[in-house]
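What follows is calculated from the coordinates using simple rules that are stated; it is not laboratory data. Here the structure is a predicted model, which is why all the values come from computation and not from measurement. A quick note on method: Cβ atoms are made from the backbone with ideal geometry, for glycine too, and the neighbour counts reach across all protein chains shown.
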Amino acid sequence: MDTIEDDMTISTDVKQHLLRSFHESMLVAGWSFTGSGPNEKMRQMLVEFHVIHAELLLLEESHLEIIVDITRKMGNGMADYSRRAAVTGQLCIESIIDFDLYCHYAAGLVGEGLTRMFAQPGKDQPLPAELLALANSAGLFVQKVDIIRDFREDIEEQRCFWPKEIWGREVYGIALGRPAFTRMEEMYQPENEHQALWALSGMIVDALKHVLDILDYIHLVQQTQMFEFFALPQIISIARLNRCYMNSTIFHGETDIGRVETAFLVAQSSSSSAVVHVFRKYVRELRNKIVPEDPNYVDLLVACVKIELRIERHCSNVVSGHDGGNTPISGPDPCATPGQLAYKHVPDEDLEARARNIVASGRARSASWINQFAQTLSLTHNTLLVFLGLLGTFLLYKYRV
């Protein structure tokens, strides 16, 4: 469906019909579509759709029902945005709310569908809405990072997915003595590079808001197959997002991580502890790159610090292991069961306040603050005694020599 939605050579009426009926067409034996433009990368898949149809028929009935349901929702959502583009001549996103809704149709529903297939306890036991919300948020994160990276390609295809609420902010122009952008095409003009970088920074802040949900969802995916399928796109996306900050090549072409780095990430996608380490690594790298003149400086620092605090506090039993006893360092994992997720959609005021306090004190620019925070969580009485004993032994040895 993504191929159909993005193809600007397909007429509006044909595209509307294809998208809104795709969930029915894919179940029709012999159905295919040969009208895609010659430059569409996935054109051949639609031409030979009979191969996919045959595989669909091999699925369990419950899984096929979920796929059909998600396809129906996605197709209708994509058709709504496609119809808007037909009226205005290009697809333009105005608000962050609208941006989230588009990404929900494009990718959030995929996360929801996978969660329903791999984690559904049974037809009579629906999944908690909070769990599906986390899955949706994870899908939004991947989609938003892709949209950030595909800036130039989308502009050339008359698709403006970056929300104007972000790139049109006056503060980005005021910082440089310029007016706000009125057209996205202005962002790849050389004289507007710095202002465009601030808009890019704003997009990164918006994407980072989903990482807390991803960290929670990591703990809820029990099946190894599901975990690896979920984890790899997430850690690749955080690596790509880190690469995007202050990177003006985005406005002239696609930027990506290298093959060696990708291979490293593939190797890290098999366990929750490794995935959490990857998130911590790239968020720290991003935090250390933030420049003070960036109008998003505080918001970016707060976003990064909140993620690091969540990792060190709520997920410390994953990152640091146990303190030698039978109790995790951070106490019982608050993300252990779907039933404990209701608090996730209530603003974590304590986390926000602590993050802003760290930023306000200037400690966010130092690598030591997070280590100090972790130490306060893990330095038990027994650990302290061992440390003092080793220190005493060292001093005795030193002065005897």
How would you classify the range 252-308 from its alpha-carbon gyration tensor, with a ≥ b ≥ c the square roots of the eigenvalues: rounded for a/c under 1.5, else prolate if a/b is greater than b/c, otherwise oblate? oblate
Of Ile70, Ile214, how do they rank once you tally other Cβ atoms within 10 Å and put the fewest first? Ile70, Ile214
Place a point 7 Å from Cα of Glu170 in the direction of its Cβ. Which residues in the range 273-294 have their backbone N less than 20 Å from it? 294
Please label the shape of the range 1-122 as rounded, prolate or oblate, based on the square roots a ≥ b ≥ c of the eigenvalues of the alpha-carbon gyration tensor (a/c under 1.5 means rounded; beyond that, a/b larger than b/c means prolate, else oblate). oblate
Please find the FRET efficiency linking Asp350 to Asp98, where r is the Cβ-Cβ separation and R0 is fixed at 30 Å, and quote it to the nearest 0.05. 0.45
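With the cut-off at 32 Å, tell me which of the pairs Lys15/Lys281; Lys164/Lys306; Lys41/Lys289; Lys15/Lys144; Lys41/Lys306; Lys73/Lys209 have Cα atoms farther apart than that.
Violating the 32 Å limit, Cα to Cα: Lys15/Lys281; Lys41/Lys289; Lys41/Lys306.
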Assuming 0.36 nm per residue, please report the length gained on full extension of the stretch Glu261 to Arg72 beyond their Cα-Cα distance. 64.4 nm
For Ser248 and Asp2, what is the calculated FRET efficiency with R₀ set at 25 Å and r taken between the beta-carbons, to the nearest 0.05? 0.35
Please list the non-local residues whose amide H lies under 5 Å from the amide H of Cys160, H modeled 1.01 Å from N, same-chain partners needing a gap of 5 or more. Leu91, Cys92, Ile93
Amide H contacts under 5 Å for Asn247, placed H, 5+ residues apart: none
Under the Kirkwood approximation for Rh and a Cα-based Rg, what ratio Rg/Rh is obtained for the range 87-205? 1.11
So if each residue of separation counts as 0.36 nm, and I subtract the Cα-Cα distance between His50 and Leu127, what length gain in nm does that give? 24.5 nm
Taking one equal scatterer on every alpha-carbon of the range 34-104, how large is log10 of I(q)/I(0) by Debye at q = 0.14, 0.16, 0.28 1/Å? -0.67, -0.84, -1.16
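Fully extended, how many nm does the chain gain between Asp80 and Gln189 (0.36 nm per residue separation, minus their Cα-Cα distance)? Before the final figure, lay out each step's value.
On the way: separation 109, 0.36 × 109 = 39.24 nm, distance 3.16 nm.
Using 0.36 nm per residue and subtracting the Cα-Cα distance, I get 36.1 nm.
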